[in-house]
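*Asks:* The structure follows.
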Amino acid sequence: MDKRYRNRWVPGLFGCAALATLALVALPAGAQVAQVDYLKASNVDTTEFGDWLGYAVAISGDTMVVGASGEASGTGAPLDNSADNAGAAYVYVKNGGDWQFEAYLKPHNPGSGDQFGYSVDISGDTIVVGALQEDTAAQGAFHAGGFPNGNTDHASGAAYVFVRDNGAWTQQAMLKATNSDGGHYFGADVVIEGDTIVVGARGESSDSTGVNGSQENAGAGGSGAAFVFVRNAGIWALEAYLKASNTESGDNFGRGLALSGDTVAVGAFSEDGGTTGVNGDQSDNSAERAGAVYVFVRNGTTWTQQAYIKASNTDPGDQFGGFLSLHNDTLAVGTTEEKSALTGINPPGGNNSFNDAGAAYVFVRDGTTWAQQAYIKASNTHPNDLFGAGVAVYGDLLLVGAPREDSSATGIDGDQSSAAAMDSGAAYLFERSAGTWSQAHYLKASNTLAGDWFGYQVALEGLTMAVGAIYEDRVGPGDSSATTAEDSGAAYVFALPDTEAPTITAPPDITETATAPAVIDLGTPTVDDNAGAAGVTVGNDAPPGGFPYGVTTVTWTATDGAGNSATDTQSVTVNIPGC
């Protein structure tokens, strides 16, 4: 739904207590979490009003994509402001310790109001960008040379795929729903991993249920759907059409998405179920707009629903499922309209006195069974903070945004009790140890101002965190004090301390019969690192002149960018010929 705030439109958003005494739990010893970059659009100037950079953010390795759904270029020329809310996406790459602008992405058919950049995701050298109000009357997947145009199906929506080759980005595909129609909002959310993309269409209207049902009727307006596309040799095609197992009008299934491996989670923030927990009674409609999440898994090319997930404290209007993040067997759910006045992790009791305070929930999977692991509130819960507007989980870390938090603090772990900067926003970092979550850090922008909405969206991968602030007003890093680019938006990048050694598994032991000194192919070790294996240096101490007769132990060493190292050994045996 749309909610008006101080003469500003906020498309797609849902919807003083005493400061908690919750102690902050430090991450492992070493350098502290720090803000390392402040990103503005490459074309920001005093004419760039309402671009909303930071409306969506995503990270893959050393590349970040940031959506600006209000950007106004209608031609692709960066300073052309002829098409309000056409939207854009910006690509940044990490070079040394700095994030530098790499590309300005526009679709082949930018149009006023399309909101390209409303949703974004990235996997390696592929980016997908959603434009939920795009108007083309086309269905299916289209590729270079055959991209459709036209504006006859208002807000049918689209998703665009871009690929990188030697630093240059080009549009590879345009994806439309296979039953595209006006008001479906295809592209309301997008996720990608490898050669799989899932696109949500929260306004889709079929009354079918489950996987690959009929797409043709319109018996359940706004029930929503999700579409799975798979790439083969550069060509994208529909693999599955996902619907809720209890499809009903107005549920908005597809507004939240998360993908990890062969598992996809789909949120339906307007679902009315009054049950709690996992796999409860799906026919119960006693809690209007409480929200739900549906988990689907793939076996080969076949998708099935694995779980129907509700909060442990389901209440009407909470809109559980609007924001999702999934990493391996951990699912995080943001619920911006949750109303409890509680603070901290798994707080007992509670009430519903703080409208739109927000909450986050963590679920974990054991085998095929999902269970709630944590119910998480901010350490300084207040009404209207919208805690949970962005969630990102990676390993044992969880980042949660609260874009209407009011503290005037700046930087890391400042004063949470201040309320002098209304709607400046905050983000909260939580850490899991032995199954227990604790708040580790409280993050604010380095240049906090009222109304910036820092924390509207968040991203987390490895040791990098990004936080969007859609209403930030500064002209840019070169003039960080001027606030004449109203609502141009910004993204802030934070780095986590790296005190964790990489892991390395040496290749299998080798036995060969050869004349010494023998030249032997040792194979390739398996390496992983919390900051990504691409940044790890690997070497060994094999004798440079070849291996002598007998047994030689080779030590392999992996060293990450922070200097942490790990070793493993491989045995090489050379036998004398004829013996």
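*Asks:* Which residue out of Asp207, Asp195 is in the same structural domain as Ala290 (by TED's automatic domain parsing), over 29 Å from Ala287 (Cβ atoms) and not hydroxyl-bearing (Ser, Thr, Tyr)? Write out each step before concluding.
*Replies:* Numbers: Asp207 fails: over 29 Å from Ala287 (Cβ atoms).
Checking each option against the conditions leaves just Asp195.
*Asks:* So the check is Cβ under 8 Å with 6+ separation or different chains; which pairs have a first residue in segment 107-131 that's closer than 21 Å to Gly234 by Cα and a second one that's part of a strand (DSSP E or B) and of a type in the set (Asp, Glu)?
*Replies:* Pairs found: Ser123/Glu193; Asp125/Asp165; Ile127/Asp121; Val128/Asp121; Gly130/Asp189.
*Asks:* Within the set of pairs 6 or more residues apart or between chains, which connect a residue that is not assigned by TED's automatic domain parsing to the domain that holds His327 inside segment 248-260 to a residue that is of a type in the set (Asp, Glu) with Cβ atoms less than 9 Å apart?
*Replies:* none
*Asks:* Please enumerate the residues belonging to segment 164-215 that are more than 22 Å from Pro148 (Cα to Cα) and aliphatic (A, V, I, L, M).
*Replies:* Matches in segment 164-215: Ala168, Val191, Ile192, Val211.
*Asks:* Residue check: is Gly97 under 19 Å from Asn151 (Cα atoms) and either modelled with pLDDT of 90 or more or not aromatic (Phe, Trp, Tyr) (or both)? First the steps, then the outcome.
*Replies:* Values: under 19 Å from Asn151 (Cα atoms): no; either modelled with pLDDT of 90 or more or not aromatic (Phe, Trp, Tyr) (or both): yes.
Here the answer is no, as Gly97 does not meet what is asked.
*Asks:* I'm checking my understanding of the structure. Among residues of segment 55-80 that are polar (S, T, N, Q) and surrounded by 19 or more Cβ atoms within 10 Å (Cβ to Cβ), which one is nearest to the chain's Cα centre (by Cα)? Talk me through it step by step, then tell me what you get.
*Replies:* Just the residues of segment 55-80 that are polar (S, T, N, Q), to begin with: 60, 63, 69, 73, 75.
With the extra rule that they be surrounded by 19 or more Cβ atoms within 10 Å (Cβ to Cβ), the set shrinks to 60, 63, 69, 73.
On the way: Ser60: 10, Thr63: 13, Ser69: 16, Ser73: 26 Å.
Going through the qualifying residues, I end up with Ser60.
*Asks:* To continue, here is another question. I'm trying to understand the selection: among the residues of segment 194-243, which are charged (D, E, K, R) and within 22 Å of Gly322 (Cβ to Cβ)? Steps first, answer last, please.
*Replies:* Residues of segment 194-243 that are charged (D, E, K, R), as a first pass: 195, 202, 204, 207, 216, 231, 239, 243.
Listed by number, the residues that qualify are Arg202, Glu204, Lys243.
*Asks:* Here are some residues: Glu216, Glu204. Which one is acidic (Asp, Glu) and at pLDDT below 95? Even if it seems obvious, please write down each step before you answer.
*Replies:* Details: Glu204 fails: at pLDDT below 95.
After applying the criteria, what remains is Glu216.
*Asks:* Condition (residue is within 22 Å of the chain's Cα centre (by Cα), more than 28 Å from Val295 (Cβ to Cβ) and of a type in the set (A, V, I, L, M, F, W, C)) applied to segment 424-433: is it met by at least one residue?
*Replies:* Our first condition is that a residue be within 22 Å of the chain's Cα centre (by Cα); within segment 424-433, this holds for 424-432.
Still in the list and also more than 28 Å from Val295 (Cβ to Cβ): 424-426.
Narrowing the set further to residues that are of a type in the set (A, V, I, L, M, F, W, C) leaves 426.
Yes, segment 424-433 has at least one match.
*Asks:* May I pose another question? Name the residue, out of Gly224, Gly194, Gly200, that is surrounded by 18 or more Cβ atoms within 10 Å (Cβ to Cβ), on the phi > 0 side of the Ramachandran plot and either within 21 Å of the chain's Cα centre (by Cα) or hydroxyl-bearing (Ser, Thr, Tyr) (or both). Let's see the steps before the verdict.
*Replies:* Working: Gly194 fails: surrounded by 18 or more Cβ atoms within 10 Å (Cβ to Cβ); Gly200 fails: on the phi > 0 side of the Ramachandran plot.
When all the criteria are applied, what remains is Gly224.
*Asks:* Moving on. Could you list, in sequence order, the residues of segment 53-82 that are farther than 14 Å from Ala41 by Cα, in contact with a Pro (Cβ under 9 Å, 6 or more places away or on another chain) and modelled with pLDDT of 95 or more?
*Replies:* Hits for segment 53-82: nothing passes.
*Asks:* Return yes when Ala240 is crowded, with 22+ Cβ neighbours inside 10 Å, hydrophobic (A, V, I, L, M, F, W, C) and within 30 Å of Glu271 (Cα to Cα) and no when it is not. Before you say what the answer is, go through the steps one by one.
*Replies:* Working: crowded, with 22+ Cβ neighbours inside 10 Å: no; hydrophobic (A, V, I, L, M, F, W, C): yes; within 30 Å of Glu271 (Cα to Cα): yes.
Spelling it out, it is not the case that Ala240 is crowded, with 22+ Cβ neighbours inside 10 Å, hydrophobic (A, V, I, L, M, F, W, C) and within 30 Å of Glu271 (Cα to Cα).
*Asks:* Taking Ala137, is it closer than 24 Å to Leu238 by Cα and in a loop (DSSP other than H, G, I, E, B)?
*Replies:* Details: closer than 24 Å to Leu238 by Cα: yes; in a loop (DSSP other than H, G, I, E, B): yes.
Yes, satisfied.
*Asks:* Being farther than 21 Å from Ala226 by Cβ and either in contact with a helix residue (DSSP H, G or I) (Cβ under 9 Å, 6 or more places away or on another chain) or not aromatic (Phe, Trp, Tyr) (or both) is true for just one of Asn179, Asn149. Which residue is that?
*Replies:* Asn149
*Asks:* Okay, next question. Could you check, for segment 466-479, whether at least one of its residues is modelled with pLDDT of 95 or more, in a loop (DSSP other than H, G, I, E, B) and surrounded by fewer than 21 Cβ atoms within 10 Å (Cβ to Cβ)?
*Replies:* No; the residues of segment 466-479 include none that is modelled with pLDDT of 95 or more, in a loop (DSSP other than H, G, I, E, B) and surrounded by fewer than 21 Cβ atoms within 10 Å (Cβ to Cβ).
*Asks:* Next question, about the same structure. Could you tell me whether segment 169-190 includes any residue that is assigned to a loop (DSSP other than H, G, I, E, B), among the β-branched types (Val, Ile, Thr) and within 26 Å of Tyr294 (Cα to Cα)? Spell out how you get there, then give the answer.
*Replies:* So in segment 169-190, the residues assigned to a loop (DSSP other than H, G, I, E, B) come out as 177-185.
Next, only the ones that are among the β-branched types (Val, Ile, Thr) stay: 178.
Now narrow it down to the ones that are within 26 Å of Tyr294 (Cα to Cα): 178.
Looking through segment 169-190, at least one residue is assigned to a loop (DSSP other than H, G, I, E, B), among the β-branched types (Val, Ile, Thr) and within 26 Å of Tyr294 (Cα to Cα).
*Asks:* Show me the strands (runs of 3 or more DSSP E) entirely contained within segment 223-281 in which 2 or more residues are at pLDDT 95 or above and within 14 Å of Ser206 (Cβ to Cβ).
*Replies:* On the way: elements: 225-232, 235-242, 253-260, 263-268.
Hits in segment 223-281: 225-232, 235-242, 253-260.
*Asks:* Return yes or no: is Ser353 in contact with a Lys or Arg (Cβ under 9 Å, 6 or more places away or on another chain) and of a type in the set (Gly, Ala, Ser)? Full working, then the answer.
*Replies:* Values: in contact with a Lys or Arg (Cβ under 9 Å, 6 or more places away or on another chain): yes; of a type in the set (Gly, Ala, Ser): yes.
Here the answer is yes, as Ser353 does meet what is asked.
The values are calculated or read from the model by the stated rules, or taken from the named source; none is laboratory data. What you are looking at is a predicted structure, and each value in this text was computed from that prediction instead of being measured. We place every Cβ from the backbone using ideal geometry, glycine too, and count neighbours over all the protein chains shown.
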